[in-house]
1. Restricting attention to the stretch 6-20, report how many residues are outside any helix (DSSP H, G or I) and touching a strand residue (DSSP E or B) at 6+ places or on another chain (Cβ under 8 Å).
2. Mind counting the residues in the stretch 246-271 that are surrounded by 24 or more Cβ atoms within 10 Å (Cβ to Cβ) and closer than 13 Å to residue 303 by Cβ?
3. What do you reckon, is residue 314 over 18 Å from residue 131 (Cβ atoms), assigned to a strand (DSSP E or B) and modelled with pLDDT of 95 or more?
4. Which one is nearest to the chain's Cα centre (by Cα), of the residues in the stretch 181-208 that are more than 20 Å from residue 247 (Cα to Cα) and part of a strand (DSSP E or B)?
5. For the stretch 285-304, enumerate the residues that are touching a residue at least 60 places away in the same chain (Cβ under 8 Å), over 20 Å from residue 252 (Cβ atoms) and buried (at least 24 other Cβ atoms within 10 Å of the Cβ).
6. Among the residues of the stretch 139-150, which ones are surrounded by fewer than 20 Cβ atoms within 10 Å (Cβ to Cβ) and either under 12 Å from the mean Cα position of the chain (by Cα) or farther than 17 Å from residue 189 by Cβ (or both)?
7. Looking at (1) within 30 Å of residue 390 (Cα to Cα); (2) crowded, with 21+ Cβ neighbours inside 10 Å; (3) out of contact with any helix residue (DSSP H, G or I) (no Cβ under 6 Å at 6 or more places or on another chain), which is the one condition that is false for residue 9?
8. Scan the stretch 159-166 and tell me whether some residue there is within 22 Å of residue 11 (Cα to Cα) and touching a strand residue (DSSP E or B) at 6+ places or on another chain (Cβ under 8 Å).
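The values are calculated or read from the model by the stated rules, or taken from the named source; none is laboratory data. Keep in mind it's a predicted model, so treat the numbers as computed, not measured. Here the Cβ positions follow ideal geometry from the backbone for every residue, glycine too, while neighbour counts run over all protein chains shown.
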């Protein structure tokens, strides 16, 4: 069977994180949503996503296809229900399409929302669906618990060095090549997963649920509260609480980050801090691209949402509920605005347009440090994002 992960309305609500990726490439827990589904179905998935992303995230069609909502996290009951679908059947939960069994000639109609006669099946089980950025860190604890079981079932952890102080040893799993010395790991409240060739430096204190993927680094004396995830090749220090780094991003120094989601290829300068709670304890509002206004998160805790390739200088201060777009560069004293558009350059003293050619040069340099090439496909995506977001740069 051919499996395809499709974007629905949630992709636009998840901007700026989804300017550069399909919804299913978002990391929540240890794995991305796509990686979770591929563990269940035991084969690779392709994508139905925005046209400008399709060169990097292509669609593969066969005669018979099962389409799965890329914003929905898998579980046993849901997967078993999907496997029972017959041609022409669609599995739904409320108004949300969870999955459908379509023939090849029906996929284009599905993409255009011109569905033909279909048979609806209502799913009665629990569904975790990521519709908004703040739900990524809110659901990170449960997703980490599920991924931990999925990745470690029937396997044995690498030995834990005796130099470490441990609680809940049975909930700690260390992959091959990881280095953990003179750290405090408390997995009594949730699992701790340490990926292949990752490193936790000495005097670090970590409280689960916590996950770090391959080649991630936690620097000396860091303090990390769960549920927190570090994607591949991330490097972090200071204090972090309930945050998700999608991958290849750095917060290498002291400073606080809480209730936040950081995209790929981002860098937070030394002593960068964000507020995750308003002084009046009111519910936080966050910029929404669909409605072009700040909308209520219905949560007291919400920090920083940062799109790919964005950077901030030393001592940057982000207010509660700040959204930073793709390829923004922020610096200077004081609190910058709560919504910083993509390709913005500046801070409290004002912003100007971050010229596309300059931004691409920096991105190329940063990615080259990880032996990854900013190829023409990546440049095309960033150029499209630049054009799509021009209307927000009224500086």
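1. 5
2. Of the residues in that region, 7 qualify.
3. So residue 314 does not fit the description; no.
4. Ranking the candidates gives 207 first.
5. Scanning the stretch 285-304 gives a single hit, 302.
6. The answer is 139, 150.
7. Of (1) within 30 Å of residue 390 (Cα to Cα); (2) crowded, with 21+ Cβ neighbours inside 10 Å; (3) out of contact with any helix residue (DSSP H, G or I) (no Cβ under 6 Å at 6 or more places or on another chain), only one is false for residue 9: (2).
8. no
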